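Only one structure is covered here, and it is reproduced in the block below.
The values are calculated or read from the model by the stated rules, or taken from the named source; none is laboratory data. What you are looking at is a predicted structure, and each value in this text was computed from that prediction instead of being measured. Cβ atoms come from the backbone with ideal geometry, glycine included; neighbour counts cover every protein chain shown.
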Amino acid sequence: MNNTALTEKHISLGAKMVPFAGYNMPVQYEGINAEHATVRKSVGVFDVSHMGEFILKGENALDLIQRVISNDASKLYDGKVQYAYLPNEDGGIVDDLLVYRIDEKTYMLVVNASNIEKDWNWISKFNTKDVEMHNISSKTSLLAVQGPKAAEALQSLTDIDLASMEYYNFTKGTFAGVENVVVSATGYTGAGGFEIYCDNEHAEKVWDAVFEAGKPFNIKPIGLGARDTLRLEMGFCLYGNDIDDTTCPIEAGLGWVTKFTKNFTNAEGLAAKKEAGVTRKLIGFEMIDRGIPRHDYEIVDAAGNVIGKVTSGTQSPSLQKAIGMGYVTKEHTKEGAEIFISIRNNSIKAKVVKFPFYK
């Protein structure tokens, strides 16, 4: 089991620790609902240092990225971030990721913790033009400071103008007295906020400074449990739950980051799929009757026929109702359509709703 540079901090704060993607991670501190509310209303801090970071450098760095990702990274400029996925050759998804353009010849890719080795091997396979690749995952710490008060809480720690930083942008600068820190605005909670990337050796110093500066805002540490309920309220996909190696990205609603203006892995296959139309689609739903949908529960129609499967589900702390995501056959994807979730052999009524659940 790997630890992050902040594991001892979490234990000393009384966090409940669980194994996640090979790391010993805090799932909750005072409780998921309370932590969820802190992020929605004020500001909270996640240790997400288990995430992976790769640096790609050189004349052909962009060329390599363009060949392995679905989105068009030529549209990036210095300080801009892009969401994309790595298509595999069989119509599925190797991983979803973020692409940071540091400069014309230097990029940072941020990948999911459980896929670090898989993604590294996948991208390396296409590196035929001597792009310099560095896997900096194990030496990089990452804090996600999320919530409407994040900019105010952090501003005293940096000269970077946080309030004016637009979504999916980043800046490199001094933060909490540490130089060469990447501060970005790419949150996974829908509550606003920032991500802070620094070397492991500075992680405790940055963590302590963030909590000191955030005291007037009642800043709190937040576990991965609330991270999951927050992202689900926004309808954001989680790799391994809602998308995986077998998922068609067009069915997953990722057509918006699939750009056929360039050549990339399985571009022809995905274009053909888009042209032919999908037979199933990822939808959001909310429960009408009592019951909480869970991963892998069957979705059925009124007659009890299986029409799909739940990929994520929870009791939404913000909405006070049960919500979920799942794939269903095309004819059941219309907003307002009535579907049923099979919970302990009972068909529990739900209806299809638009993402995001929380507005």
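Numbers below:
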read-out: Contacts under 8 angstrom Cβ, first residue in segment 101-127 being more than 16 Å from Ala61 (Cβ to Cβ) and hydroxyl-bearing (Ser, Thr, Tyr), partner at pLDDT 95 or above and surrounded by fewer than 17 Cβ atoms within 10 Å (Cβ to Cβ), 6 or more apart; value: Ser114/Gly240
read-out: 2 or more residues touching a residue at least 60 places away in the same chain (Cβ under 8 Å), crowded, with 23+ Cβ neighbours inside 10 Å and in the same structural domain as Asp228 (by TED's automatic domain parsing): qualifying strands (runs of 3 or more DSSP E) within segment 128-216; value: 140-146, 193-199
read-out: Residues of segment 41-70 satisfying the condition of being farther than 21 Å from Ser141 by Cβ and either modelled with pLDDT under 95 or within 17 Å of the chain's Cα centre (by Cα) (or both); value: Ile69, Ser70
read-out: Residue among Leu142, Leu98, Leu154 that is within 30 Å of Glu35 (Cα to Cα) and more than 20 Å from the chain's Cα centre (by Cα); value: Leu154
read-out: Pick from segment 335-359, criterion closer than 15 Å to Ala252 by Cα and not hydrophobic (A, V, I, L, M, F, W, C), ranking: surrounded by the most Cβ atoms within 10 Å (Cβ to Cβ); value: Pro356
read-out: Lone unmet requirement of (1) under 27 Å from the mean Cα position of the chain (by Cα); (2) at pLDDT below 95 for Arg344; value: (1)
read-out: Yes/no for Asn24 being part of a strand (DSSP E or B) and farther than 25 Å from Asn88 by Cβ; value: yes
read-out: The listed residue being surrounded by 16 or more Cβ atoms within 10 Å (Cβ to Cβ) and touching an Asp or Glu at 6+ places or on another chain (Cβ under 7 Å), out of Ile243, Ile283, Ile250; value: Ile243
read-out: Residue among Gly58, Gly14, Gly22 that alone is surrounded by fewer than 21 Cβ atoms within 10 Å (Cβ to Cβ), closer than 21 Å to Tyr107 by Cβ and among the small types (Gly, Ala, Ser); value: Gly58
read-out: Count of residues meeting criterion [touching a residue at least 60 places away in the same chain (Cβ under 8 Å) and of a type in the set (Gly, Ala, Ser)] in segment 325-359; value: 1
read-out: Odd one out for Cys198, checked against (1) over 20 Å from Glu53 (Cα atoms); (2) in contact with a helix residue (DSSP H, G or I) (Cβ under 6 Å, 6 or more places away or on another chain); value: (1)
read-out: Complete set of residues in segment 248-289 that are in a loop (DSSP other than H, G, I, E, B), within 25 Å of the chain's Cα centre (by Cα) and under 22 Å from Glu335 (Cβ atoms); value: Cys248, Pro249, Ile250, Glu251, Ala252, Gly253, Leu254, Val278
